[in-house]
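To start, the structure under review is shown below, and the notes come after it.
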Amino acid sequence: DSGVTQTPKHLITATGQRVTLRCSPRSGDLSVYWYQQSLDQGLQFLIQYYNGEERAKGNILERFSAQQFPDLHSELNLSSLELGDSALYFCASSVGATGELFFGEGSRLTVL
Amino acid sequence: EDQVTQSPEALRLQEGESSSLNCSYTVSGLRGLFWYRQDPGKGPEFLFTLYSAGEEKEKERLKATLTKKESFLHITAPKPEDSATYLCAVRANAGNNRKLIWGLGTSLAVNP
């Protein structure tokens, strides 16, 4: 158990819909990262927050947005969903900006 | 352009048959190389951090080494429970140094 909690574990929805994925980081970790993993593309960095502020942005689509709240939990919002958005979405946390990340179990999104 | 390449893409070993996985990188100033293990449908699990050429880290049957251009993950006398995908990531010095650059991984299968 990494200490990072993600909900929901599985989500099935239709194209055009909007979903919210939630992440609670390890106790004491200030950084939260969001990653997308699909079969053919490996881990794709989406966005990082540190203590409530956006720190780094990766290949995050404009249809996607995220935020980190004062209690340090984070949410990733995915809207106008397309079939290609089907993937595993991982949240990870770390104490600071290091490469030693602790990943949650992921949210598997299926868009039909 | 910063890049991480892992080889082979897939490796099948017999139990007890030692081997090595490779992670080669091209980055402008290495600030850390990280190895992770990922089981199917799970989040990556942090294994090792290496910072400078010549550095080695060990954990059970795994040993990670680092040179100026690549890292090796040596697996000695592997067991079936070592079957997983092994991911390598690097943090670079220049540019957006808050991002990790990930390889696509080596899928390891150890047969009993």
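The values are calculated or read from the model by the stated rules, or taken from the named source; none is laboratory data. This structure is a prediction, so every number in the text was calculated from the model and none was measured. We place every Cβ from the backbone using ideal geometry, glycine too, and count neighbours over all the protein chains shown. All accessible areas refer to the heavy atoms of the entire protein, side chains included, with ligands and DNA or RNA removed. Shrake-Rupley method; radii C 1.70, N 1.55, O 1.52, S 1.80 Å.
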statement: Screening A:L101, A:L112, A:L81 for residues that are open to solvent by less than 10 Å² (accessible area, probe 1.4 Å) and away from every other protein chain (no Cβ under 13 Å) leaves only A:L81
- prompt: Out of (1) buried (at least 18 other Cβ atoms within 10 Å of the Cβ); (2) within 11 Å of the chain's Cα centre (by Cα), what's the single condition that is false for A:L43?
  reply: (2)
- prompt: Does B:L104 count as open to solvent by 60 Å² or more (accessible area, probe 1.4 Å), within 11 Å of chain A (Cβ to nearest Cβ) and under 24 Å from A:L43 (Cβ atoms)?
  reply: yes
- line: Here the residues within segment A:1-44 that are within 11 Å of another protein chain (Cβ to nearest Cβ) and of a type in the set (D, E) are A:D1, A:D40
task: Output the residues belonging to segment A:56-77 that are open to solvent by less than 90 Å² (accessible area, probe 1.4 Å) and within 10 Å of another protein chain (Cβ to nearest Cβ).
output: A:A56, A:G58
- line: Over segment A:88-98, the set of residues of a type outside the set (S, T, N, Q) and open to solvent by 10 Å² or more (accessible area, probe 1.4 Å) is A:L88, A:V95, A:G96, A:A97
task: Please specify each residue of segment B:21-45 satisfying the condition of being farther than 15 Å from A:L43 by Cβ and surrounded by 13 or more Cβ atoms within 10 Å (Cβ to Cβ).
output: B:L21, B:N22, B:S24, B:Y25, B:T26, B:V27, B:L30, B:R31, B:G32, B:L33
